[in-house]
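Remarks on the structure that follows.
The values are calculated or read from the model by the stated rules, or taken from the named source; none is laboratory data. Every value quoted in this text rests on a predicted model; they were computed, and no experiment measured them. Because the Cβ atoms are built from the backbone with ideal geometry, glycine has one as well, and the counts that use them run over all protein chains shown.
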Amino acid sequence: MGNAEIAQTLESYAALLDLAGAGHYTVRAYRRAAELVRETPAPVADLVRAGRVRELRGIGPGIERRLQELVATGRLAELVELEREVEPGLVALARFVGLSSQRLVAVGKELGVRTADELREAAASGRLRELKGIGPSTERKILAGLSRDRTQPRRGLTLNRARALAAAIAAELDGEVAGEVRRWRDVVYELAIVTTTPPDLGRSPLLVAVLEPGVAVTVEGIPVEITVAEPHAFGTALVRATGSAEYVAALGELPDAPSEAEVYARLGLPWLPPELREAPVREAPPLVAVDDIRGDLHVHTTWSDGKASVAEMAAAAIERGYEYLAICDHTPNVRVVPGLDADALRRQAEEIAEVNERVAPFRVLRGTECDIRRDGGLDLPDDVLAELDWVQLSLHAGQREDEMRLTRKVCEAMKHPAVRCLSHPKGRIINHRPPNALNLEAVIQVALDHGVAVETNGLPDRLDLRDEEVRLCVDAGVPIVCSTDAHSVRGLGNMQLSVATARRGWATAADVVNTRPLDEILRR
Ligand SMILES: [Zn+2]
Ligand SMILES: [Zn+2]
């Protein structure tokens, strides 16, 4: 059994556990294990047989037991049982349509209905409406939902989750990821896969329902458009499926070609990075890339709410090939988690100095994620701020204030001479909190006047600033910081999300502060 197959099984097991109401951490542990197995170069089955699989970070005794069963028998008995119990197909359709899954599962059982087609039929023949509690409006909602009407409000997936899911499906279908995920959209509503092998959808553990020919639905209720292409036209299908529809339409008639590069060559156009294919664009500047990044300027440690020490974060940054890392723990005003006052920051300085002795020429920078207080003041005394290598400002409370007050407060704080960057300026949490009312034009003006950069935060549920906002800043000449806000070693990996967001905002390496060498970061 290969790594891809093991990863897929773990992934579908996680999805079913989720449906069965298992705890968040259990579900996440299996999802992470799936990713880990997929990324491991050595055959995981061999590690399992040798009793060494727990050497992989994140594999505990529970997961090891399932892996042993899987490798020995080729299946997970619990998974088969869960599939029978929770009706993943109906749950997927319920989530897709926007109904409670318990309700649709109950309806399905009552009518003996399990698929989208059968559900449509039940509605057409009036059987659906006869059920208790299903009125004409619910019936309409189900039918409209099943027709893939995009005006129906739906909940999207964060990009990191969508990327993992799309990669798992692509591996299963032996295809390539296209669509919104390939364009690195911040929230993903639909997945797209291009393959040359017609899939057997009835047997896929990840695609649990079929909406219409070529469109399946995952257990999360996310539709997946599957294009089966002839090898000689694979590139053409990939361009089409990557979209956006508007971008593809503007290309005009597409020639058949096996690779995307060839499609563009035959069109007489330069290849365009998928990140920019939202609107008709013919040519792009050389966008910033993850390899251009020389350091991360926003990470946390155990001094505040991080999970790793200064030394562990530094070691992980060195492993990534970075030259520097700014420790930016919270200040006391943040309250919900521990914050560092002047004393604590000076004690942290001693620890950082010790680490620096061991890791030179790599450099751990003394930084802070300094709260902007309610009165607009900074949450640390001036003398401490002046000692630090990297000061960034954040607003954690008061996101609901009106535009005028919020903007005035943030702009005043940005004028402090120690400030280098404004962190997650719009304060949104994807799927939970809308962006604040901060006036970005005013921020851009102050940023230009006072040499302050703005962050594009790589936490998957922030991605803040977002693409269009990055573009406004880049056009105005405000430097961008691509950072992860990592709270663990693993969190450093979100740099690719931050960089992708900056790319979607047309940022080149020259626009991004942390593509610069250490001496330029220290000089201001
Ligand atoms: Zn923050
Ligand atoms: Zn932070």
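Tabulated values for the structure
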| quantity | calculated |
| --- | --- |
| Residues of segment 224-249 that turn out to be surrounded by 21 or more Cβ atoms within 10 Å (Cβ to Cβ) and assigned to a helix (DSSP H, G or I), as a count | 8 |
| From the options G221, G252, residue that is outside any helix (DSSP H, G or I), closer than 30 Å to V105 by Cβ and out of contact with any Ser or Thr (no Cβ under 7 Å at 6 or more places or on another chain) | G221 |
| Test for G427: is it assigned by TED's automatic domain parsing to the domain that holds L297 and within 15 Å of ligand 2 (Cβ to nearest atom) | yes |
| Some residue of segment 493-505 being without any contact (Cβ under 8 Å) to a residue 60 or more places away in the chain, touching a strand residue (DSSP E or B) at 6+ places or on another chain (Cβ under 6 Å) and of a type in the set (S, T, N, Q) | yes |
| Residues of segment 430-459 that turn out to be part of a loop (DSSP other than H, G, I, E, B), surrounded by 14 or more Cβ atoms within 10 Å (Cβ to Cβ), without any contact (Cβ under 8 Å) to a residue 60 or more places away in the chain and away from ligand 2 (no atom under 15 Å from the Cβ), as a count | 6 |
| Of all residues making up segment 470-500, the number that are of a type in the set (V, I, T) and within 16 Å of ligand 2 (Cβ to nearest atom) | 3 |
| Residue check, A486 buried (at least 16 other Cβ atoms within 10 Å of the Cβ) and closer than 22 Å to K415 by Cβ | no |
| Leading residue by the ranking (nearest to A209 (Cα to Cα)) among those in segment 1-59 that are of a type in the set (V, I, T) and surrounded by fewer than 19 Cβ atoms within 10 Å (Cβ to Cβ) | T26 |
| Helices (runs of 4 or more DSSP H) (entirely within segment 123-207) containing at least 1 residues that are over 21 Å from the mean Cα position of the chain (by Cα) and touching a residue at least 40 places away in the same chain (Cβ under 8 Å) | 136-146, 159-173 |
| Condition check for L82: in contact with a strand residue (DSSP E or B) (Cβ under 9 Å, 6 or more places away or on another chain), within 19 Å of S12 (Cα to Cα) and assigned to a helix (DSSP H, G or I) | no |
| Single residue of segment 250-298 satisfying the filter (acidic (D, E) and out of contact with any strand residue (DSSP E or B) (no Cβ under 9 Å at 6 or more places or on another chain)) that is surrounded by the fewest Cβ atoms within 10 Å (Cβ to Cβ) | E253 |
| Those residues of segment 307-334 which are away from ligand 2 (no atom under 16 Å from the Cβ) and closer than 11 Å to H487 by Cα, in sequence order | S309 |
| Top-ranked residue in segment 347-400 [being within 16 Å of M414 (Cα to Cα) and among the β-branched types (V, I, T); ranked as nearest to ligand 2 (Cβ to nearest atom)] | T368 |
| Filter pass, D379 being more than 29 Å from the chain's Cα centre (by Cα) and within 15 Å of ligand 1 (Cβ to nearest atom) | yes |
| Residue satisfying all of: in segment 461-504; outside any loop (DSSP other than H, G, I, E, B) and of a type in the set (S, T, N, Q); farthest from ligand 1 (Cβ to nearest atom) among these | Q496 |
| Residue in segment 503-522 that is closer than 24 Å to C411 by Cα, within 13 Å of the chain's Cα centre (by Cα) and of a type outside the set (D, E, K, R) present | no |
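Every residue, every condition in (1) under 26 Å from R294 (Cβ atoms); (2) touching a Gly at 6+ places or on another chain (Cβ under 6 Å); (3) within 16 Å of ligand 1 (Cβ to nearest atom), yes or no:
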{"residue": "D329", "(1), (2), (3)": "yes, no, yes"}
{"residue": "A342", "(1), (2), (3)": "no, no, no"}
{"residue": "A349", "(1), (2), (3)": "yes, no, no"}
{"residue": "V355", "(1), (2), (3)": "yes, no, no"}
{"residue": "R358", "(1), (2), (3)": "yes, no, no"}
{"residue": "F362", "(1), (2), (3)": "yes, no, no"}
{"residue": "C370", "(1), (2), (3)": "yes, no, yes"}
